[in-house]
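The structure appears below as structure tokens.
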Amino acid sequence: MPLFLSTYENHLDTKGRISIPAPFRSSVNQENFSGIVLYRSFTAPCIEGLSMSRMEKMATATDQMGVFDAELDDLSAMLFADARPLLFDVTGRVVIPTDLLTHAGIKDKAVFVGRGNSFQIWEPGAFKAAQEKSLAALRASRPNFKIG
């Protein structure tokens, strides 16, 4: 399973292409699909990104839901109908669709944020504000989890 770590800032070029950070590309280079899957986040003003194998696992997980479940309808419409499989070009770039960029408020720069099994793409100022809010919440709650 690919692992997405760290944070990278890149620029959109005049044709709307953006270079996917090399460590993110190398995380998916063992995949059958040589690219990424993007969709609008339904929890934050950003773009969600993941490997095709992770998207397939999400599809398998939704199979556990009831066929006529209203949450499945909403989730399928938001997740699968909105998902965009994007192949890397020869230099590791993709063209992020305009509606996704608009959703995230991205105009010329984007921040790629590793989240373990997935990543997000943010407008830099919005990410900084969200990161500061998360840091304050974590300092207040002091989460504790065991590794073992």
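A few comments on the model shown:
- Taking the centroid of alpha carbons for each part, region 101-115 and region 19-42 are 15 Å apart.
- This model, with +1 at the C-beta of Lys and Arg and -1 at the C-beta of Asp and Glu, gives region 1-75 a dipole about its Cα centre of some 460 debye.
- Highest-MSF residue in the chain out of 50, 79, 87 [GNM, Cα springs under 10 Å]: 87
- Applying the Karplus relation 6.51 cos²θ - 1.76 cosθ + 1.60 with θ = phi - 60° to region 10-27 yields 3J(HN,Hα) values of 9, 9, 7, 8, 5, 9, x, 8, 9, 7, 6, x, 3, x, 5, 4, 5, 5 Hz, where x marks Gly and Pro.
- With the helix formula -39500 (n - 2.57) applied to DSSP H stretches of n ≥ 4, the chain reaches a computed 222 nm mean residue ellipticity of -9500 deg cm²/dmol.
- Straight-line reach from residue 107: taking Cα to Cα under 14 Å and skipping same-chain neighbours fewer than 8 places apart, the aspartates and glutamates in range are 9, 13, 99, 123.
- Mean separation of Cα pairs under 8 Å and 6 or more residues apart, divided by the residue count, gives region 40-121 a relative contact order of 49 percent.
- For the options 109, 128, 15, a Gaussian network treatment of the chain with springs between C-alpha atoms closer than 10 Å singles out 15 as fluctuating the most.
- Neighbourhood charge, 13 Å Cβ-Cβ cut-off, centred on residue 77 and excluding it, Lys, Arg +1 and Asp, Glu -1: -4
- The string of couplings for region 114-121 from the Karplus curve (6.51, -1.76, 1.60, θ = phi - 60°) is x, 9, x, 7, 8, 8, 10, 10 Hz, one whole number per residue in order, with x for Gly and Pro.
- For the chain, built as a Gaussian network whose Cα springs stay under 10 Å, the top-fluctuating residue of 129, 44, 104: 129
- Here the contact order of the chain, divided by its residue count and restricted to Cα pairs under 8 Å and six or more residues apart, works out to 34 percent.
The numbers here are math on the coordinates, done by the rules we state, and not lab data. Just so we're clear, the structure is a prediction, and the values are computed from it rather than from any experiment. Note: ideal-geometry Cβ built from the backbone for every residue, glycine included; neighbour counts use all protein chains shown.
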